[in-house]
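What follows is a set of notes on a single structure, which appears directly below.
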Amino acid sequence: MQVTAALPPVHGGDVAADGKRAKKRGSYNCGRCGLPKKGHNCTIKTPVSASVTPAPPDSSLSVVSIPSSASSGLRNLPTTLRRALSFDDLDERGSGFDRSELEERADADLLPPAGLLSAARVCRGWRETAKRIWRAAEELKLRVPINVTVGFVASMLQKCPGIVRLSLRMESDFDSTMLACVAFSCPNLEYMEISTFDSASIRINGDELGRFVADKKGLKTLKMEGCSNLGGFVLCSYSLSTLWLSDLHSLSKMVFNCPQLREISLEFSCQENDTTDLTTMIEGLGRSCPRLQNIHIASERLSHSAVLALTAAQLRGLRMLSLVLGSEITDASVAAISSSYPNLELLDLSGSGVSDSGISMICNVFPDTLTRLLLALCPNVTSSGIQFATFQLPLLEIMDCGMTICDPNMQNPAADEDNCKLQKTSGSNVHLINQKLIIKHSRLRKLSFWGCTGLDALYLNCPRLIDLNLNSCTNLHPGRLLLQCPTLENVHASGCQDMLIGAIQSQVRDASFAAMENHSPSKRLPDGSKRVRVPHLLSEESPEPEKKRRRIERQHCNVLLG
């Protein structure tokens with residue numbers, strides 16, 4: 001409707017013609033555009049006034065309404081639930097996306113529900129506006145405390161019938177009633193993520209999960225933690241492209257009929273009585289999901305036969321392969337992977353029995369494609385193999401060698417109770433101590449040596465390195481550390497000796513000062529014989545642009561001890 005003239009609001013009913021006070025009937029005109037209310041549907045949105053004092057914010061709920069211009073970029077932002085498949089931040093740098101800019105745009109569109117509820121109580125017009133905002137929300141994030149019932153979740157979902165992305169942080173159990181509530185209230189759901197905390201778990205079985213996936217024709221992404229009660233499942237979907245399930249245990253059957261599936265992550269709980277047949281599962285996965293590109297499986301039952309089943313599937317589009325905690329995965333498994341999938345960009349064999357020979361095969365097959373190599377908790381890998389990999393893989397950007405170079409006589413303080421494989425691998429490590437590493441690489445951006453207690457000397461010449469993890473490198477000698485990495489942003493040094501921490505702080509501080517000095521303007525001497533650097537205060541030229549100065553300030557490096 002086009003409005004040609006906006007009439008001023010008329011407050012009828014305040015005072016009658018004879019001077020007597022009449023009934024207060026409210027305004028007969030629209031409070032937003034001024035036109036008569038009768039037969040009028042106003043399309044002008046009324047912003048929530050800053051003068052209204054909102055109710056205290058509810059930390060258990062956040063509603064995000066994302067415009068279409070920003071949603072395309074935000075939906076591709078990586079999450080942090082999986083280590084191997086969460087290194088997509090480097091891809092954002094190459095694609096032109098500024099993560100901080102996208103986050104600022106998302107924060108600008110954050111609508112606190114307490115403010116909406118307060119605004120809805122002001123008047124009828126504001127109440128209608130609040131309803132439109134609820135209906136326009138595309139993403140809903142809920143924290144469900146222990147004492148909250150299903151009715152709370154149902155009431156919030158019913159306010160947002162247009163929800164496309166749903167994230168539930170469960171501090172209470174997620175049961176079939178809650179799943180049915182989501183299925184009924186979110187007909188257009190494309191993304192669902194359920195994370196569990198404390199003692200909460202997902203108490204649905206595989207049949208209920210299968211029916212939910214089959215009924216949601218538009219569901220593209222499903223991520224669930226705490227799936228220990230599934231027992232087995234059959235998933236059939238022609239829209240599902242991403243599937244993450246964790247805490248799996250003793251599955252009697254795993255059937256996937258998802259022809260559009262491109263990324264799968266299956267993490268099994270570390271229990272010795274697990275009876276899951278991974279070889280049969282992988283065979284079926286290869287037959288029914290031919291478009292798989294990213295595979296992440298974490299289980300102690302991974303073996304060479306499971307790797308052979310995967311290589312027999314001939315997944316032509318496979319680019320990221322992560323097989324974690326499989327101690328029976330050996331160099332023969334690496335040979336099978338190399339011969340079947342020569343275009344891998346990420347390879348994660350953490351916790352495996354791979355040795356330096358396997359690393360040599362990796363270097364021979366993937367020098368033109370591999371950008372991320374993760375070999376943490378591999379007791380048969382030595383410093384020679386690590387150094388060889390950095391020399392032979394020129395495109396490498398991320399490398400994790402945590403707990404590989406270890407002192408067998410020293411109990412590593414980096415042990416984590418969540419990593420059930422840690423102590424098993426460190427106990428079998430028979431490497432010699434006092435090993436040294438010399439790494440010169442032009443593209444490395446993230447490098448990790450967490451828990452390498454056998455590392456004695458480290459020399460790095462990596463001009464693009466931004467993140468270095470030296471947590472619990474207790475035997476690293478301060479005098480044998482050299483960091484020639486001018487772009488370092490973070491150095492993790494938790495559990496290191498005080499002298500080593502001091503050496504790290506001194507080197508990164510000197511590198512920061514050197515970077516600042518290198519950006520000082522240069523002038524020739526009067527005779528033109530030599531260039532000298534002149535401080536900005538003594539220079540007659542205008543200082544550097546503000547954008548360039550900000551880029552220099554970002555080069556300050558943080559030494560993280562927590």
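Do the conditions hold for Arg524, that is, is it open to solvent by 80 Å² or more (accessible area, probe 1.4 Å), modelled with pLDDT of 90 or more, touching a strand residue (DSSP E or B) at 6+ places or on another chain (Cβ under 8 Å) and not acidic (Asp, Glu)?
Considered against the rule, which asks whether it is open to solvent by 80 Å² or more (accessible area, probe 1.4 Å), modelled with pLDDT of 90 or more, touching a strand residue (DSSP E or B) at 6+ places or on another chain (Cβ under 8 Å) and not acidic (Asp, Glu), Arg524 comes out as no.
Limited to region 363-395, what total is found for residues that are touching a His at 6+ places or on another chain (Cβ under 9 Å) and under 21 Å from Ser340 (Cα atoms)?
1
Look at Gln293 and say whether it is touching a Lys or Arg at 6+ places or on another chain (Cβ under 6 Å) and open to solvent by 10 Å² or more (accessible area, probe 1.4 Å).
Here the answer is yes, as Gln293 does meet what is asked.
Looking at region 456-479 only, could you name the residues that are of a type in the set (A, V, I, L, M) and open to solvent by 10 Å² or more (accessible area, probe 1.4 Å)?
Across region 456-479, the qualifying residue is only Ile466.
Consider region 344-371. How many of its residues are β-branched (Val, Ile, Thr), assigned to a helix (DSSP H, G or I) and buried (at least 21 other Cβ atoms within 10 Å of the Cβ)?
Total satisfying the criteria: 2.
Would you pick out the residues in region 457-498 that are among the basic types (Lys, Arg) and in a loop (DSSP other than H, G, I, E, B)?
Arg464
Would you please list the contacts, defined by Cβ atoms under 6 Å and residues six or more apart or on different chains, that run from a residue in region 355-378 that is of a type in the set (S, T, N, Q) to a residue that is open to solvent by 40 Å² or more (accessible area, probe 1.4 Å)?
Ser355/Asn380; Thr369/Asn343; Thr369/Glu345; Thr371/Glu345; Thr371/Leu395
Please verify whether region 308-317 includes one or more residues that are under 29 Å from the mean Cα position of the chain (by Cα), farther than 17 Å from Ser448 by Cα and either assigned to a helix (DSSP H, G or I) or modelled with pLDDT of 95 or more (or both).
Scanning region 308-317, I find at least one residue that is under 29 Å from the mean Cα position of the chain (by Cα), farther than 17 Å from Ser448 by Cα and either assigned to a helix (DSSP H, G or I) or modelled with pLDDT of 95 or more (or both), so the answer is yes.
Counting only residues that are more than 27 Å from the chain's Cα centre (by Cα) and open to solvent by 40 Å² or more (accessible area, probe 1.4 Å), which one in region 480-502 is nearest to His441 (Cα to Cα)?
Only one residue tops the list, namely Gln484.
So the check is Cβ under 6 Å with 6+ separation or different chains; which pairs have a first residue in region 157-183 that's more than 16 Å from Cys227 (Cβ to Cβ) and in a loop (DSSP other than H, G, I, E, B) and a second one that's open to solvent by 40 Å² or more (accessible area, probe 1.4 Å) and of a type in the set (Gly, Ala, Ser)?
If the second residue must be open to solvent by 40 Å² or more (accessible area, probe 1.4 Å) and of a type in the set (Gly, Ala, Ser), no pairs are left.
Could you please let me know if Arg169 is at pLDDT 80 or above and open to solvent by 60 Å² or more (accessible area, probe 1.4 Å)?
When the stated conditions are applied, Arg169 passes them.
Show the residue pairs that are 6+ apart or on different chains and have beta-carbon atoms under 9 Å apart, the first residue being within region 499-510 and within 11 Å of Asn558 (Cβ to Cβ) and in a helix (DSSP H, G or I), the second being open to solvent by 80 Å² or more (accessible area, probe 1.4 Å) and not small (Gly, Ala, Ser).
These pairs meet every condition: Val508/His556.
If you take the residues of region 372-394 that are open to solvent by 30 Å² or more (accessible area, probe 1.4 Å) and polar (S, T, N, Q), which of them is nearest to Ile438 (Cα to Cα)?
Gln387
Mind listing just one residue for me: the one in region 311-343 that is open to solvent by 10 Å² or more (accessible area, probe 1.4 Å) and hydrophobic (A, V, I, L, M, F, W, C) and, of those, nearest to Leu374 (Cα to Cα)?
Val324
Per-residue answers, yes or no, for (1) over 25 Å from the mean Cα position of the chain (by Cα); (2) open to solvent by 40 Å² or more (accessible area, probe 1.4 Å):
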site	(1), (2)
Asp207	yes, yes
Val213	no, no
Gly218	no, no
Thr221	no, no
Cys227	no, no
Gly232	yes, no
Ser237	no, no
Leu240	no, no
Ser250	yes, no
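Does at least one position in region 276-295 carry a residue that is under 22 Å from Arg203 (Cβ atoms) and touching a residue at least 24 places away in the same chain (Cβ under 8 Å)?
Yes, region 276-295 has at least one match.
Identify, from the list Glu128, Glu139, the residue that is more than 28 Å from the chain's Cα centre (by Cα) and either of a type outside the set (S, T, N, Q) or surrounded by 14 or more Cβ atoms within 10 Å (Cβ to Cβ) (or both).
The match here is Glu128.
Quick one: is Val307 open to solvent by 40 Å² or more (accessible area, probe 1.4 Å) and aliphatic (A, V, I, L, M)?
The answer is no for Val307.
The values are calculated or read from the model by the stated rules, or taken from the named source; none is laboratory data. Everything quoted here is computed from the prediction, not taken from an experiment. Don't worry about glycine lacking a Cβ; one is built from the backbone with ideal geometry, like all the others, and counts go over all protein chains shown. Please note that ligands, DNA and RNA were not included when accessible areas were found on the heavy atoms of the full protein model with its side chains. Shrake-Rupley method; radii C 1.70, N 1.55, O 1.52, S 1.80 Å.
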